[in-house]
1. Please work out if G21 is in a loop (DSSP other than H, G, I, E, B), within 28 Å of R96 (Cβ to Cβ), over 11 Å from the mean Cα position of the chain (by Cα) and not aliphatic (A, V, I, L, M).
2. Name the single residue that is farthest from V156 (Cα to Cα) among those in the range 61-89 being aliphatic (A, V, I, L, M) and without any contact (Cβ under 8 Å) to a residue 40 or more places away in the chain.
3. Just a yes or no: is a residue in the range 62-73 in a loop (DSSP other than H, G, I, E, B) and not hydrophobic (A, V, I, L, M, F, W, C)?
4. Just give me the residues in the range 23-48 being among the charged types (D, E, K, R), closer than 28 Å to T112 by Cα and touching a residue at least 24 places away in the same chain (Cβ under 8 Å), in sequence order.
5. Determine which single condition L110 fails, assuming it passes every other condition in (1) surrounded by fewer than 16 Cβ atoms within 10 Å (Cβ to Cβ); (2) out of contact with any helix residue (DSSP H, G or I) (no Cβ under 7 Å at 6 or more places or on another chain).
6. Condition (residue is surrounded by 18 or more Cβ atoms within 10 Å (Cβ to Cβ) and under 25 Å from D31 (Cα atoms)) applied to the range 86-100: is it met by at least one residue?
7. With modelled with pLDDT under 95 and either more than 19 Å from P83 (Cβ to Cβ) or not aliphatic (A, V, I, L, M) (or both) as the only criterion, which of R61, R2, R57 stands out?
8. Scan the range 1-52 residue by residue and report those that are in contact with a strand residue (DSSP E or B) (Cβ under 8 Å, 6 or more places away or on another chain) and of a type in the set (V, I, T).
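The values are calculated or read from the model by the stated rules, or taken from the named source; none is laboratory data. Since the structure is predicted, the reported quantities are computational estimates derived from the model, not experimental observations. Reconstructed Cβ throughout: ideal geometry from the backbone, glycine too, with neighbour counts over all protein chains shown.
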Amino acid sequence: MRPLTYYVGSSLDGFISGPGGEIEHYPVSEDHLAQMVEEHPEVLPAHVRRAVGADDRPNVRFDTVVMGWDTYRPALEAGIGNPYPHLRQVVASRTRTPSDPAVEHTADALRTVRELKAQDGLGVYLAGGGRLAASLADEIDELVVKVYPVVQGRGVAAFGGPFHPRAFTLTGSRTFDSGAVVLSYVRRG
């Protein structure tokens, strides 16, 4: 069974974006970008991969991305209907359907993720958002959290759902010049 990894950036107070989806205030230093290109090149959308010279990098950990509509929407607003052409893309939404034929749609994210995990291949990258992550929390095998040295006060919570604690074990940490820390965890048990 392949793992579902929630790879996400977060403020110190647990928000993955501002109230309107803002992420520009999260500092990414050159050493952090180099780490992403080396260890997780597939999490970078195609236009970023191209800009940093990583568009020919093979997928290292993931061959599929699952995201909610609010995570997909900024690409659409920028005129990018197929943000991760190097991955199988699935957008979870009960009300909207992507128009690009390369992007799959599901109204039942839990069923779809369970089916994806049962298939052969590399891991499944959960890109967000917080409500989707909360609905899939029992399926998340790994967390990679980029904690940025910013306190927001409000925004989209990393897990926007009911109180239901789940334990994870720290497997790695790395600090970058920007003050960001990347923490890696696996589900306990």
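1. Judged against the criteria, G21 is a match.
2. I80
3. Among the residues of the range 62-73, not one is in a loop (DSSP other than H, G, I, E, B) and not hydrophobic (A, V, I, L, M, F, W, C), which makes the answer no.
4. E42
5. The failed condition is (2).
6. yes
7. R57
8. Matches in the range 1-52: T5, V8, I16, I23, V43.
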